[in-house]
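The values are calculated or read from the model by the stated rules, or taken from the named source; none is laboratory data. Because the structure is a prediction, the values reported are computed rather than measured. Here the Cβ positions follow ideal geometry from the backbone for every residue, glycine too, while neighbour counts run over all protein chains shown. Surface accessibility is based on the protein's heavy atoms, side chains included, excluding ligands, DNA and RNA. Shrake-Rupley method; radii C 1.70, N 1.55, O 1.52, S 1.80 Å.
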Amino acid sequence: MALEKLFSSYTIRGITIPNRIVSTGHDTVMAHHGHVTDRLIAYHEARAKGGAGLIIVQVAGVHETARYTSHMLMADDDNCIEGYRVLAQKIHAQGTKIFGQLFHPGREIMETDDGTAPVAYAPSAVPNSRFGVMPAPLDHAMINEIIEGYAASALRLKQAGLDGCEIVASHGYLPAQFLNSAINQREDEYGGALENRMRFIKEIATSVRARVGYDFIMGLRLSGDERDAEAIDQNEVIVVCEALDQSNAYDYYHVIAGTSASLQGAIHIVPPMYYETGYVAPFASKVKARVKAPVMVTGRINQPQVAEQILSEGRADFCGMTRALIADPEMPNKAHANRIDDIRACIACNQACIGHFHKGYPISCIQYPETGRELTLAAGKMPTKHKKKILIAGGGPAGMKAASVLAARGHHVTLCEATSQLGGQALLAQMLPGRAEFGGIITNLAREMDAAGVDVRRSTQVTRAIVEYEKPDAVIIATGATARRPHFEGSDSAHCVTAWQVLKGEVNIGGRVVIAEWKGDWIGMGVAEKLAREGREVTLATEMPMAGQALPFYVRDEMVARLHRFGVEIMPYARLYGADDESIYFHHASSGEPIVIEGVETLVLSQGHSSVNTLKDELNDFDVIVHIIGDALTPRTAEEAVLDGLKLTVSNFYS
Ligand SMILES: Cc1cc2nc3c(=O)[nH]c(=O)nc-3n(C[C@H](O)[C@H](O)[C@H](O)COP(=O)(O)O)c2cc1C
Ligand code: SF4
C-alpha cells in the first residue's frame, strides 16, 4: 500500500509538520522533581530519529492542584523551561515538531507524594468512582487561577522553543468535568446550559492565545465516546467542537475515547488488544465533518497501513500512533522505506507501557525493552570486537531476543528449538480468547532473528552431544518452563487437568468446572472465559484478593468484564488444598476457614510454571560458558524473558 497521505506534510500557523505520524502525550514516569530529564530526552529523541512527524510531550501540570501522580511533569513555574528547551532542540534537530500537553486532572487524582488522601478540586462535589475521590468545588478565584496557570504554562513552553501545546480536555479531566452535565452541577455561569459548561474550555483558549500570540499552535484533546454510564453526551462533544471551531478557538481537535472516571471508561485510555485497530476513527470523522481545523485521532492505530486508510478516507488529518512508536521507534522510517514487514507492531498487551505507569515505573515495551532504556541497555548494542560462537537452546521470547541482538552485534549465533515451532509459551498465550494478537511477539522476534542472520534449527533439542559437536564459546539456556502441577491431598481422584492441557485441547472437560488460579494473571481468567463461552458452568477460584490482580489494570478490567458477561463466578481468597471425586477444597486465604465447592466435574489447575533447565546439569562438568535466561532461570512473564535476553547480550562477555 502506498503511504502517500501518511508521509505528506501539514502546515498549521506556518509550522510544517513533516508527516502525519504523532507520538501523542504519554506519561513516561521519567520526570524528576517535575522536570524533564536526560532519560526523557533520549526517549523522545529515539522516536524523532525514527521519523515521527510530531511528538506531543506528556501531561504537565498547570497548577499546584494538578499533581495527579507523585511523578508527573509540571509546567507551573519557570524552572521547567530549561529542560523543555533542551528537549525541543534535540527533537527539532531531527526535523520533528514538538508540542507539550497542559493538564489539570480536577477530581481524577490517583495519589499524593506522601501517601495522604488528596485534596482534589472539581466543578462540583461529585465523587470519582475509580479512585474514590470526593472533590471540593472550585470557587471563582480558583477557576481564574487555574486558567491563568494554563496561560502561563503555555508561555513557558513557547519560551522553551516548543511549537505548540495541547489542552487536555479528554479522559474526564478538569475541562471535561466542566463539560459533563453529570459531573458539573454548578448553578453559576460555568454550569447549566452547554454554553455555560463549555465556558472553561473557551476561557482557556482565550487566555492562552492572548499570552502566546499567533505563531504557536494550540490544540484540544477530547474524548468522543467516554464509554461510561456517566459519559459526556457524544452529540454535545461534536457541538462543542463545532462552536469552538467557528471562533477559531483551537488549531486542531484531537479525538480519543474513554474516561479516567470509571473502570469501564478507563479501559479506553490505552485500549488493550480486545479492541479493533483504529476503532476511534468513526467518531473522529463525525468531528471532522463539522470543523474546518485539522482533526487528530488516536486509539489502537498500530500499523502505517491502518493510519493511511484513516487518512485517505478523510476521517482525520493526523494519526496518534503512540504505542506503535513505543514498540518500534523506527516505525515511520521503516514504513517510509517500504519495509513494512520489518515493523515491530505493538500488540496492545499494555504490560510495560501503561502497565509500568500504573506501578510508578518508567515506560518500556515487552517486545522491545530498549524502550525507556535508551541511555543504558539500548546504548550497549554496539558491534562486537570479539566475535563468538553462541549456541542458544530454546526458541521462546528470551532465546529469540538474545539471538537477534547477539547476531546483530556480529556474533555467530545458532538457535535450536526442540519443537517444530518458535514461540514457547507465547504460542499458548495467543490461544486465550481475544488474545491472538499476542502471537505478534513471535512473528516480530522471528523477523528480527532473520534480519540479523541467526541460524535457526527447529525440531532440534540441544543435548550435551550437540554442544560437544558444535564447540560454542557459550551456551545460552532459554528452555522455558512447563505447567506447574502442585501436589495436594486427593489430587489423583479428581478429574484434574492443567490450563495448558485445556488450551492444547488434550483433555476432556466436564460441564461443571472449577479453575484453581494462583497468581492473578491471564491464564486462569482466559481459560475461564474459553470454557464459559463453550457453555460450561465455570467458577474461577483465585488465591489473590481479585482475579487479574497481577495484570495491567485496563487488561484486568476488560477480562473481568468479559467473565461477567459469560457468567463466570469469581471466588477470591481461595487457596487450593484438596480434591476428591466431586468436591474441591480451598482454604480462605486470610481467614483459613475451609471453602468447599461440590458437584465439580473438572478441576483446571492454573498454578504457575516450573523451570525447565536440565541442560544445565548435562553441561555441569563440561568446559563451556553457560548462561540461563527467561523462565528457564525462574518463571516470570514474557516481559522479563525478553529483557533477560537483552541484558545478557549487552553484558561485558559479549562486547
Ligand atoms: C504509558 C502511557 C501513558 C499515557 N499518558 C498519557 C498522558 O500523559 N496524556 C494523555 O493525554 N494520554 C496519555 N496516554 C494515552 C495516549 O496518549 C494514547 O491516547 C493511548 O496510548 C492510545 O493510543 P495508542 O493506541 O496509539 O497507544 C498514555 C498512554 C500510555 C501508553
Ligand atoms: S508493552 Fe505491549 S502494549 Fe505496550 S507498546 Fe509494547 S507491545 Fe505495545
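Within the stretch 358-374, the set of residues being open to solvent by less than 20 Å² (accessible area, probe 1.4 Å) and either of a type in the set (Lys, Arg) or within 9 Å of ligand 1 (Cβ to nearest atom) (or both) comprises Ile363 only. If you go through the stretch 90-138 and keep only what is under 24 Å from the mean Cα position of the chain (by Cα) and free of Cβ contacts under 8 Å to residues at least 40 places away in the same chain, you end up with Phe131, Gly132.
Here is a yes/no grid of residues against (1) among the small types (Gly, Ala, Ser); (2) under 30 Å from Met30 (Cα atoms); (3) buried (at least 18 other Cβ atoms within 10 Å of the Cβ); (4) within 27 Å of the chain's Cα centre (by Cα):
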site: Ala379; (1), (2), (3), (4): yes, yes, no, yes
site: Lys388; (1), (2), (3), (4): no, no, no, no
site: Ala393; (1), (2), (3), (4): yes, no, yes, no
site: Ser420; (1), (2), (3), (4): yes, no, no, no
site: Met431; (1), (2), (3), (4): no, no, yes, yes
site: Glu437; (1), (2), (3), (4): no, yes, yes, yes
site: Gly440; (1), (2), (3), (4): yes, yes, yes, yes
site: Val454; (1), (2), (3), (4): no, no, yes, no
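Taking the stretch 325-342 as the range and being over 17 Å from Glu374 (Cβ atoms) and either open to solvent by 10 Å² or more (accessible area, probe 1.4 Å) or free of Cβ contacts under 8 Å to residues at least 24 places away in the same chain (or both) as the test, the residues that pass are Lys334, His336, Ala337, Asn338, Arg339, Ile340, Asp341, Asp342.
Yes/no per residue for (1) within 16 Å of ligand 1 (Cβ to nearest atom); (2) open to solvent by 10 Å² or more (accessible area, probe 1.4 Å):
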{"site": "Ala160", "(1), (2)": "no, no"}
{"site": "Gly164", "(1), (2)": "yes, no"}
{"site": "Ala169", "(1), (2)": "yes, no"}
{"site": "Tyr173", "(1), (2)": "yes, yes"}
{"site": "Glu187", "(1), (2)": "no, yes"}
{"site": "Ala210", "(1), (2)": "no, yes"}
{"site": "Asp228", "(1), (2)": "no, yes"}
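Residue-level check: of (1) touching a residue at least 60 places away in the same chain (Cβ under 8 Å); (2) within 18 Å of Lys90 (Cβ to Cβ), Gln58 misses just (1).
Cβ-Cβ distances below 6 Å connect the following pairs, each with a first residue in the stretch 423-440 that is at positive phi, a second residue that is within 16 Å of ligand 1 (Cβ to nearest atom), and a separation of six or more residues or different chains: Gly434/Tyr274. Scanning the stretch 289-327 for residues that are touching a helix residue (DSSP H, G or I) at 6+ places or on another chain (Cβ under 8 Å) and of a type in the set (S, T, N, Q) yields a count of 4. Any residue in the stretch 590-601 that is part of a strand (DSSP E or B) and under 28 Å from Gly505 (Cβ atoms)? Scanning the stretch 590-601 turns up at least one residue that is part of a strand (DSSP E or B) and under 28 Å from Gly505 (Cβ atoms).
The set of residues in the stretch 478-497 being of a type in the set (S, T, N, Q), part of a loop (DSSP other than H, G, I, E, B) and open to solvent by 30 Å² or more (accessible area, probe 1.4 Å) consists of Thr479, Ser493. Thr376 meets the conditions (1) under 16 Å from Ala638 (Cα atoms); (2) more than 13 Å from ligand 2 (Cβ to nearest atom); (3) of a type outside the set (A, V, I, L, M, F, W, C); (4) outside the structural domain of His411 (by TED's automatic domain parsing) in every case but one. The failed one is (1).
For the stretch 454-477, the set of residues classified as out of contact with any strand residue (DSSP E or B) (no Cβ under 6 Å at 6 or more places or on another chain) and not β-branched (Val, Ile, Thr) consists of Arg458, Ser459, Gln461, Arg464, Ala465, Glu468, Tyr469, Lys471, listed by residue number. Gly526 meets all of the listed conditions (1) of a type outside the set (D, E, K, R); (2) open to solvent by less than 50 Å² (accessible area, probe 1.4 Å); (3) part of a strand (DSSP E or B) but one, namely (3).
With respect to the stated conditions, Arg20 fails to be at positive phi, away from ligand 2 (no atom under 16 Å from the Cβ) and among the basic types (Lys, Arg).
Every condition in (1) in contact with a Cys (Cβ under 8 Å, 6 or more places away or on another chain); (2) within 29 Å of Gly132 (Cα to Cα); (3) not hydrophobic (A, V, I, L, M, F, W, C) is met by Arg290 except one, and the failing one is (2). Selection over the stretch 345-357 of residues that are in a loop (DSSP other than H, G, I, E, B) and either open to solvent by 20 Å² or more (accessible area, probe 1.4 Å) or within 7 Å of ligand 2 (Cβ to nearest atom) (or both) gives a count of 8. Scanning the stretch 498-511 for residues that are open to solvent by less than 30 Å² (accessible area, probe 1.4 Å) and part of a helix (DSSP H, G or I) turns up Ala499, Val502, Leu503. Here Arg562 qualifies as open to solvent by less than 70 Å² (accessible area, probe 1.4 Å) and in the same structural domain as Gly526 (by TED's automatic domain parsing). Looking at the stretch 1-103, the strands (runs of 3 or more DSSP E) lying wholly inside it that each contain 1 or more residues that are at pLDDT 95 or above, polar (S, T, N, Q) and open to solvent by less than 40 Å² (accessible area, probe 1.4 Å) sit at 21-23, 54-61, 97-103.
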